[in-house]
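Chemist: Take this structure first; my questions come after.
The values are calculated or read from the model by the stated rules, or taken from the named source; none is laboratory data. Everything numeric in this text was worked out from a predicted model, so none of it was measured. Cβ sites come from the backbone with ideal geometry, for glycine too, and all protein chains shown count toward neighbours. Side chains included, ligands, DNA and RNA excluded: accessible areas come from the protein's heavy atoms. Shrake-Rupley method; radii C 1.70, N 1.55, O 1.52, S 1.80 Å.
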Amino acid sequence: MFLHDETPRLPLWIMNTVSLSWDPRRLALQITGIFGMWLIYKIVDVLIIKPNTSALRDLPGPDGYSLFLGHVPTIVKEPCPVPHERWAAQYGPTFQLRGILLARRLFSMDPRAVAHVLNHPYDYPKPRLLRDVLTSILGQGMLAAEGDGHRRQRKIISPSFGTAQLRELMPIFYSKSNELRDRLLSKVAEGGGRSEEDVLRWLSRMALDVIGFAGFDYDFNSLAAGESNELAQASQKLQKSMTTVRKAVGLLDLLQSRIQVLCLIPNERQRLMKKSREVMDRVGMELVQQRKALLLQESAGEVKSSSVVGRDLLSILVKANMATDLKDSERMTDDEMMGQINTMIAAGQETTSTSAMWLLYDLSLPQYKHIQTKLRAELASVTSSNPSMEEINALPYLDAVIRENLRINAPVAGTHRTAAKDDLIPLSTPIVDRNGVKRWEIRVAKGDVMYISLLAMNRDKSIWGEDALEFKPERWLDTNKHPRVNELPGVYSGLMTFLGGSRHCIGYRFSLLQLKVMIFTLIRSISFTLPDSPPVIIKRSEIVTLPVIKQADGTEKSAMPLLLSAVS
């Protein structure tokens, strides 16, 4: 029962529209009508009001877009980042695109603009929809976290990727690289000296085994048994569900991307992911609880952050989180700890295996075969089959090949950011808007979304030179002839592959070291060439940039067939 001043009041515009009845059936109809009116308003707001009042409306940009999907069909249809590069050549490095339901989106590969956004990561977080998707896939890990939650998690996780910790992981990198080499050589022997293999599948299995042991001391056994492990199967199904949903966007997906309240309605993506997440969460929580119990037992109940040592990343992380000198407000919850396992699997498996796969593909192309030969000569000159971290980092041509691969074959094609407040983004190259006004900065409003094409920036001819589209490791050995490279905010050699700013990829040194060990082991013993009848490979950006092959029946599959033979 309400007192007089506690009587609930509805918004005035609704009260002026309908007179509510307290008859249950009539009330239900009236509430439905109110919601319908609100939904119509939101649709009009999304389709008409916001596009025509957006701060981005005067920016140059391509026409010819779909009413519901904007420029998305063009971007998806062509190899990435070809459409963005074509538009940048026509409109300059900064322009607008149309997204889902006519939303205006800012695109920029201007180094100063991108540096501004990446150097203010908490003013430009990931868009809400992207955060929701990441959370549904990975849980409450660092990749999905924003703001204070991200700062807190990163502070605890950072020691896990220190130089001393990475050195401890070298035996794991070599063990799994050697196992992969031996299994491929066995296939070559069975084929009478040659064997056509899907290297993407093999590299993905190896990377999963590595992240299992190095990340949380867990044996996926993928190289030997395939994806028979329940955690491996759950992870694979999650990734497949994302790809499946992306290829078949429905009306509900479109509306949910723009109208937040509709996200409460379960969609196909959520249903596909739920079962896989249940398995990953169960196994992940078991691993976290096991580490906590072991560490407490070993330390008799007291853990100091100064004694953070261990081999797998999860043990180091759990120990750092349990340190007695850490404030309770700074600790991660068990759900956040579990989220780091899912994040390690997603970030540590697909990115590294995809990067290695594109490198082997490039080295197999006839025009780059001499690079494979030169690289093998350097690697063969090393007397040890398992060189130390310092020794493998001291190989100049291997280092140049890896850098060039990460430049031209960035596994993640791009990233989205959204403005958390009204802002002015500075430019190094001015634009001329649709009104003929020259601008040195872009005004963005809270909620505006920006797409940063990492791959396009890594291939920008105005920065890397006219040979930017060529695979040319020598560019890293010669004196830097392109001073604009220094303008790029990338954390590693100016490359945008691992992003930049305080939210750069925290595990990039882990990925680099694993990639070097993998290539060192394989190229010394195996020669890679194209198959006798090579298929047409299309680059397509899914979660990572994957190879797509169109088959005779019109269907598509993701694979990278290469012809392998033993090095004599």
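Chemist: Name the long-range amide H neighbours of SER428: under 5 Å, sequence gap of 5 or more, or other chain; modelled H, no Pro or chain starts.
Modeler: ARG112, ALA113
Chemist: Multiply the residue gap between ARG311 and ARG167 by 0.36 nm, knock off their C-alpha separation, and tell me the result in nm, one decimal place.
Modeler: 50.9 nm
Chemist: Separation between the GLU556 and SER228 pseudo-spin-labels, each 7 Å from Cα along Cα→Cβ, expressed in nm?
Modeler: Taking the two extended label points, one gets 3.3 nm.
Chemist: Scaled to the compact-protein estimate 2.2 N^0.38 Å, what is the alpha-carbon radius of gyration of the chain, rounded to two decimal places?
Modeler: 1.06
Chemist: OK, next. Work out how far the C-alpha atoms of segment 52-147 reach from end to end along every principal axis, then list the three figures in whole Å, largest first.
Modeler: Principal extents (largest minus smallest coordinate, Cα): 40, 31, 30 Å.
Chemist: State in Å² the accessible area per residue of segment 505-564; use a 1.4 Å probe, count heavy atoms of protein chains only, and round to the nearest integer.
Modeler: Here the residues of segment 505-564 average 37 Å² of exposed surface.
Chemist: How big is the dipole moment of the chain about its Cα centre under a simple scheme where the beta carbon of each Lys and Arg is +1, that of each Asp and Glu is -1, and everything else is neutral? Debye, nearest 20, please.
Modeler: For the chain, the charge dipole is close to 1060 debye.
Chemist: Evaluate E = 1/(1 + (r/R0)^6) for ARG25 and THR333, where r is the Cβ-Cβ distance and R0 equals 60 Å; express this FRET efficiency to the nearest 0.05.
Modeler: Computed FRET efficiency for ARG25 and THR333 comes out at 0.85.
Chemist: Mean residue ellipticity at 222 nm from the helices of the chain, using -39,500 (n - 2.57) per DSSP H segment of n ≥ 4 over the full residue count, to the nearest 500 deg cm²/dmol?
Modeler: -15000 deg cm²/dmol
Chemist: Where does segment 420-467 land on Rg(C-alpha)/(2.2 N^0.38 Å)?
Modeler: On the way: Rg = 13.6 Å, N = 48, 2.2 N^0.38 = 9.6 Å.
Working it through for segment 420-467, the quotient is 1.42.
Chemist: Something else about it: When the accessible area of the chain is computed with all protein chains present and a 1.4 Å probe, what percentage of it is carbon and sulfur?
Modeler: Of the solvent-accessible surface of the chain, carbon and sulfur hold 56 percent.
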